[in-house]
Amino acid sequence: MTSNATVRLTLPGGVEVELPILEGTLGPKVVDIRRLYAATGMFTYDPGYTATASCRSAITYIDGEAGILLYRGYRIEELATKSDFLEVAYLLLNGELPTRQQKQQFVHDITYHTMLHEQIQFLFRGFRRDAHPMAVMIAVVGALSAFYHEDLDVEDAHHRLVATHRMIAKMPTIAAWAYKYSIGHPFIYPRNDLEYAANFLHMMFATPCEPYRVDPVLARALDRIFILHADHEQNASTSTVRLVGSTGASPYAAVAAGIASLWGPAHGGANEAVVNMLEQIGSVERIPEFIARAKDKNDPFRLMGFGHRVYKNYDPRAAVLKQSADEVLDLLGKKENKKLQIARELEKIALNDEYFQERKLFPNVDFYSGIILEAMGIPRHMFTAIFALARTVGWMAQWNEMILDPEQKIGRPRQLYTGPAERPFLPIDARG
Ligand code: ACO
């Protein structure tokens, strides 16, 4: 939305430029600087995009000060407790919650794309057994662009829809197979009679030797984790997917790049890092030592699962997961889980500490998710892969939105050049 308001910028030399102010439905207003360079010959400088809106989006809204997260206007807490992952996926992709009939059709569309091309098995088999599942996922998802290239026109709505269904449907199979390969087990094919999260657990834990019954409590807890991770507006991995997609590249290649971006410990890799950290802390008595290290500027150690670029309050996803951790561990008979005890105490101490209060550092989504996943028997190196699986919905929703945006252009930031000015080439013997 455009408001009539403008901002006037006076540059050295008295040149004035008037820039429009744009207003969304919620959140800060935005100064539209698109004319700035043409009018003044100047760029803006914003490493890490801390003050830059890269696009218009109607999918997800975060109020970081208040600790609110909305998917298409619905509170994350409500969706996590009242909805299910595929319903939320439909919402993120289409803008509205599905009717019963729309949901049935969507579930069918996703379910019937869960198998991988048989040839893809050989890609997995090319990896070392100890390859990190994220490395495998980047490769396999990137390779999907080779399997579905000829028939993919990103300007065609039906092609985009099929690519979206394929991506969401195949991701659990790819993630589970990365795990199966790492432990030397046979790949387990998807089962279309199971729901999305239950099918993933089946492909992770079933073997051909004996029947495997998916525990509905675990399936529900995992489904909730998927919902909480489904989208988070223009984070690093989503911006990566948009940037790659902005060139007209295959969505499979764009999502492969998104997975790569998610892998880092400052982003999705933090869930794995949190559990490693809790293990390293080892006991409640040692918490003060690690709090001191986190505050020491000469020590690179940071409290993993704490702090967020946007949230300056409790991450609402962490609040849902904190409660979920209690419930799941209780149901699994693991109530006395040591890592959960350390995490709870660590949170209490940090939230009462001036350093964390001043900087508004609160637990983020990764703080409790790893504890739940570990209690479910999911190995640590799969945590970020599960995050990627769930975030695929957001990536595809944002990719589709970008393609349909008439203002969309190839993503191409500018720079403040600090290298040498032009100079003559010196022959090798003349170089001192
Ligand atoms: N532990 C200790 N100090 C911290 C932490 C932390 N986890 N996070 C931030 N700080 C401090 C910084 O040292 C800095 O202090 P200073 O002002 O005295 O220099 C201040 O808080 C601001 O931190 P920045 O790094 O500038 O904040 P930024 O927005 O760039 O970083 C980030 C956010 C990357 C999430 C950071 O908080 C962090 O590294 N957290 C730990 C990793 C993590 O949990 N990542 C998951 C994020 S959620 C997600 O991606 C799903």
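The values are calculated or read from the model by the stated rules, or taken from the named source; none is laboratory data. If you're wondering where the values come from, they're calculated on a predicted model, not measured in any experiment. Counting neighbours? That spans all protein chains shown, and the Cβs are built from the backbone with ideal geometry, glycine included. Only protein heavy atoms, including side chains, enter the accessible area calculation; ligands, DNA and RNA are left aside. Shrake-Rupley method; radii C 1.70, N 1.55, O 1.52, S 1.80 Å.
Net charge within 15 Å of G264 by Cβ-Cβ distance, Lys/Arg positive one each and Asp/Glu negative one each, not counting G264 itself? Write out the running numbers ahead of the final one.
Numbers: positive: R302, R309, R391; negative: E272, D366.
Value of the local net charge: +1.
If you count only protein heavy atoms and use a 1.4 Å probe, how large is the accessible surface of H108, to the nearest 10 Å²? Approximately 90 Å² for this residue.
Note down the net charge around Q408, summing +1 for each Lys or Arg and -1 for each Asp or Glu among other residues with Cβ under 10 Å from its Cβ. It would help to have the intermediate numbers written out before the result.
On the way: positive: R56, R242, K409; negative: E401, D405, E407.
Residues near Q408 contribute 0 overall.
Dipole size of the chain about its Cα centre, with +1 on Lys/Arg Cβ and -1 on Asp/Glu Cβ: approximately 540 debye, rounded to the nearest 20. Listed by number, the DSSP H helices of the chain that run 15 Å or longer by alpha-carbon position along their axis and have mean Kyte hydropathy of at least 1.6 are 133-147. Between the listed residues G14, G419, G264, the Cα displaced farthest toward the positive end of the dipole of the chain, a dipole computed from Cβ unit charges relative to the Cα centre, is found at G419.
In region 85-214, Cα pairs under 8 Å separated by at least six residues give a relative contact order of 25 percent. Counting only Cα atoms, region 1-63 measures 41, 29, 17 Å along its principal axes, largest extent leading.
Normalised by the number of residues in region 314-394, the mean separation of alpha-carbon contacts (under 8 Å, six or more apart) gives a relative contact order of 42 percent.
Taking a temperature of 20 °C and a viscosity of 1.002 mPa s, what whole-number D in µm²/s does Stokes-Einstein yield for region 229-336 with Rh from Kirkwood over alpha carbon pairs? Each step should come with its number before you reach the end.
On the way: Rh = 16.5 Å.
Estimated via Stokes-Einstein, D reaches 130 µm²/s.
Other residues with beta-carbon under 11 Å from the beta-carbon of V141 carry, at +1 per Lys or Arg and -1 per Asp or Glu, a net charge of +2.
Among Y179, Y212, the sequence by solvent-accessible area, most first, with a 1.4 Å probe is Y212, Y179. Normalising the average separation of contacting C-alpha pairs (under 8 angstrom, six or more residues apart) by the number of residues puts the relative contact order of the chain at 19 percent. With every protein chain in place and a 1.4 angstrom probe, the accessible-area ranking of W399, W263, largest first, reads W263, W399. Taking all protein chains as shown and a probe of 1.4 angstrom, Y355 keeps an accessible surface of around 40 Å². Taking θ as phi - 60° and the Karplus parameters 6.51, -1.76 and 1.60, the scalar couplings of region 48-63 work out to x, 6, 6, 9, 10, 8, 8, 6, 8, 8, 10, 9, 10, 10, 10, 9 Hz in sequence order, x denoting glycine and proline. In summary, the chain shows an alpha-carbon radius of gyration equal to 1.07 times the 2.2 N^0.38 Å reference for compact globular proteins. Between H185 and Y37, the modelled labels are 5.2 nm apart [label points 7 Å from Cα along Cα→Cβ]. Residue ranking by accessible heavy-atom surface, 1.4 Å probe, largest first, among C55, C209 comes out as C209, C55.
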